[in-house]
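A short reminder: the numbers here are calculations on the coordinates, not readings from a lab. Source: prediction; values computed, not measured. Please note: Cβ atoms are built from the backbone with ideal geometry, for glycine as well, and neighbour counts cover all protein chains shown.
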């Protein structure tokens, strides 16, 4: 029964099929956990407000390291005041007469003044203290004015943040150095304890919220220490809406390793990473490409040329890379101007892309690619001959 409705014979029969998948998913989760928890060595990186936490799981034991020096958190707290003020006032930029912001801003203004008074006793280096004073005084002045006049504006807020940004930028630079120094020291220590053979087998998984996935601090540090070949192989980024838990990361690691083992058994060693990419994705891509491909060959040629120029590669090579799931190409198909069909080839002047050739309308993409390749080479020869004159 579904609610008050009786299942039809067809639905009853189909339920046996659905039960297979339900049981598979439950067993899949069990295996993910088993595989993830059995890995050694593994570094799990957790986001926190004090610079991050590194957890090393090795030979049945676990050790964690945090935080970076206190100065990091002190500078971060002061520099974040521009965000603190924005979150209070931004919903009311167009309607300051609705004074729901006043209570929160009054409290934040008080906290700014207290922080200013205490700053001299924190023990910061003089140059850092000077920058933090500049930031706090700027916030204090802006919030004083808003509370006094009962109004503020988007333009006024931007003017205030620009006045303190040079000090914040210097804090960011120093904070980055503190994080790198701290965690590279930790990783060097662990590396020496392991030895190079064990280090070469290390998995590392970095948990991050969506907003901090690009140029992620910890991913960059680990990539430097583990080598670029480890990226997306043994060094994995775990993105989510909220910061994942340690258990979430272990489950994901187990899934990645288990899926790759499954892919080897199903597709062969050369396609070990096939399940790093959505299996049905290729079929979806082919179908959407069919529907989005323009019928007019001139338009198709233009889009192929645009794609080759912007991706610095022939559309034949880009398409092959997407099919193999090699590289971070998950969003390429959604680029509006792109057309991932053969027939686009960049024109190179040394290492610089100076243009591209797009060809469409031949009976096959291979012919389009052949003509485009020959045309691009001819243009490159013209460039070289003009330089020699």
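Only Cα pairs under 8 Å and 6+ residues apart enter the sum, and on that basis the relative contact order of segment 1-104 stands at 12 percent. One Cα centroid belongs to segment 1-76, the other to segment 116-153; the line between them spans 43 Å.
With neighbour counts taken as other beta-carbon atoms within 10 Å, the residues 89, 43 rank, fewest first, as 89, 43. Relative contact order of the chain: 14 percent, from C-alpha pairs under 8 Å at least 6 residues apart in sequence.
Principal-axis analysis of the Cα atoms of the chain puts helix 297-311 at an angle of about 50° to the longest axis.
At an R0 of 45 angstrom, the distance between the Cβ atoms of residue 149 and residue 248 translates into a FRET efficiency of 0.45.
Give me 135, 88 sorted ascending by neighbouring Cβ count inside 10 Å, so fewest comes first. Intermediate results must be reported in sequence, preceding the final value.
Values: 135 26, 88 22.
Ranked by crowding around the Cβ, least crowded first: 88, 135.
In plain terms, the residue of 201, 214, 58 with the fewest other Cβ atoms within 10 Å comes first and the most crowded comes last, giving 214, 201, 58. Give me the Debye-computed log₁₀ of I(q)/I(0) at q = 0.15 Å⁻¹ for segment 91-168, equal point scatterers on Cα only, no solvent, two decimals. So the normalised log intensities work out to -0.56. If R0 is 56 Å, the Cβ-Cβ spacing of residue 129 and residue 33 corresponds to a FRET efficiency of close to 0.70. If you wrap the tightest convex hull around every Cα atom of the chain and split its volume per residue, you get 291 Å³. Helix 217-226 versus the longest principal axis of the chain: what angle, 0 to 90°, nearest 10, using Cα atoms? With rounding to tens, the tilt is 60 degrees.
Take every DSSP beta bridge whose two residues both sit in the chain, then give the antiparallel share in percent to the nearest 5.
Values: 17 of 28 bridges.
In the chain, DSSP labels about 60 percent of beta bridges as antiparallel.
Considering only Cα atoms, the convex hull volume of segment 1-129 works out to 252 Å³ per residue.
Computed FRET efficiency, Cβ-Cβ of residue 14 and residue 120, R0 51 Å: what is it to the nearest 0.05? Each step should come with its number before you reach the end.
Values: r = 73 Å, r/R0 = 1.43.
About 0.10, to the nearest 0.05.
Relative contact order, percent, of segment 340-389 when contacts are C-alpha pairs under 8 Å separated by at least 6 residues?
Values: 64 pairs, mean separation 18.5, N = 50.
Relative contact order for segment 340-389 comes out at 37 percent.
For helix 9-38, what angle does its Cα long axis make with the longest principal axis of the chain, in degrees from 0 to 90 and rounded to 10? For helix 9-38, the angle is close to 60 degrees. Working note: Cα gyration tensor of segment 124-197, eigenvalues times five, square-rooted, sorted largest first, giving semi-axes of 41, 13, 9 Å.
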